[in-house]
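See structure below.
The values are calculated or read from the model by the stated rules, or taken from the named source; none is laboratory data. Bear in mind the structure is a predicted one, so any value in this text is a computation, not a measurement. Because the Cβ atoms are built from the backbone with ideal geometry, glycine has one as well, and the counts that use them run over all protein chains shown.
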Amino acid sequence: MPLRIVVLGAAAGGGLPQWNCGCPNCVAARRGDLPSLSQSSIAVSGDGESWSIVNASPDLRQQLALTPALHATGLRQTPIVSVLVTNADIDHVAGLLTLREKQPFRLIATSEVHAVLAANPIFQALDPDLVVRETVPVGEEIAIAPGLRATLFPVPGKVPLYLEAGEVVTDQEGELTVGVELASADSRAYYIPGCARMTPALEARLRGAPLVLFDGTLFRDDEMVEAGLGSKTGRRMGHMPIDGPQGSLAAFDGLGVGRKVYVHLNNSNPVLDSRSPARAAVSAAGWAVAEDGMEICA
Ligand code: MLT
Ligand code: MN
Ligand code: ZN
């Protein structure tokens with residue numbers, strides 16, 4: 001069976017438009033001139049029937065409502081068998097609170113991500129008798145749904161914003177930020193919504209991959225500063241830019257990846273506008289820019 005991926009939310013935290021933002025992209029999205037985007041999540045299936053949600057965004061309720069394959073199939077039955085989270089950022093875990101309706105599912109993450117969830121009593125709303133919290137070490141392949149396997153691997157990143165204290169290491173490699181290799185019987189894909197920099201290990205892993213969904217948060221490292229939207233660079237937020245010598249366009253050049261799709265797009269990112277020079281640049285390099293509802297069969 002092929003791998004089916006549905007991009008539930010293509011945007012980074014905040015979405016497009018972001019509630020308090022008047023940047024050109026957010027204004028255009030409110031006018032309907034750009035497609036609105038919800039926050040970072042994908043759904044994956046290896047058998048076309050049961051699904052795993054990878055990252056539970058604050059927009060999950062709406063995302064599920066808009067995706068027929070994920071609708072309830074019986075009185076208290078859902079095709080969703082597991083939820084895997086790649087870090088403990090708000091845009092990837094707040095949606096767990098939407099899933100609190102006494103429904104069994106497996107909640108899969110590394111021990112460090114589980115520790116952050118365990119330290120937040122609000123997640124006790126997920127009934128521990130029904131929602132099994134499964135710890136998966138990086139590098140170990142596990143089945144996350146029938147016909148669907150996942151392997152987590154370390155990716156440079158940082159602690160969630162709400163846990164930042166003192167000097168923050170923005171490109172720590174460990175279990176707090178991971179990417180995931182997804183595999184069905186016949187195919188494989190990588191999902192990496194946050195990545196602070198390309199490493200030799202990551203390069204080796206991704207070389208020749210048939211499909212990669214990758215961190216497209218910002219086009220230029222300083223684009224939010226330049227646009228007057230804040231003081232942070234992409235790197236300070238734990239995200240490598242698309243453009244520039246240390247950017248993902250350059251990092252993927254020559255890796256021979258079959259299909260490359262940018263996800264986790266911040267609303268400031270010029271690639272969101274299909275007529276922009278930035279979009280032309282990523283398209284010329286063979287990248288697609290995700291939209292909500294995009295289906296990818298691998
Ligand atoms: C990020 O991806 O940098 C975070 O989701 C930011 C946030 O927590 O808002
Ligand atoms: Mn995020
Ligand atoms: Zn904006």
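General observations
- Thr98 vs. criteria within 27 Å of Leu37 (Cβ to Cβ), touching a residue at least 12 places away in the same chain (Cβ under 8 Å) and either surrounded by 13 or more Cβ atoms within 10 Å (Cβ to Cβ) or within 16 Å of ligand 1 (Cβ to nearest atom) (or both): yes
- Number of positions in region 101-124 that are farther than 24 Å from Thr78 by Cα and crowded, with 17+ Cβ neighbours inside 10 Å: 4
- When Glu226 is tested against (1) within 16 Å of ligand 2 (Cβ to nearest atom); (2) among the acidic types (Asp, Glu); (3) over 17 Å from the mean Cα position of the chain (by Cα), only condition (1) is not met.
- Residues satisfying the stated conditions in region 188-218, i.e. within 16 Å of ligand 2 (Cβ to nearest atom) and hydrophobic (A, V, I, L, M, F, W, C): Ile192, Cys195, Ala196, Leu213, Phe214, Leu218
- Check on Ser40, away from ligand 3 (no atom under 12 Å from the Cβ), hydroxyl-bearing (Ser, Thr, Tyr) and at pLDDT 95 or above: yes
- All of (1) more than 27 Å from Tyr262 (Cβ to Cβ); (2) out of contact with any Asp or Glu (no Cβ under 9 Å at 6 or more places or on another chain) hold for His114 with one exception: (2).
- Residue check, Arg4 of a type in the set (D, E, K, R), over 26 Å from Ala109 (Cα atoms) and away from ligand 1 (no atom under 16 Å from the Cβ): no
- Meets criteria (under 19 Å from Leu8 (Cβ atoms) and touching a helix residue (DSSP H, G or I) at 6+ places or on another chain (Cβ under 7 Å)) for Val261: no
- Condition broken by Asn55, with the remaining ones in (1) within 16 Å of ligand 1 (Cβ to nearest atom); (2) on the phi < 0 side of the Ramachandran plot satisfied: (2)
- Any hit, region 16-27, residues being under 28 Å from Ala183 (Cβ atoms) and either in contact with a strand residue (DSSP E or B) (Cβ under 7 Å, 6 or more places away or on another chain) or away from ligand 1 (no atom under 16 Å from the Cβ) (or both): no
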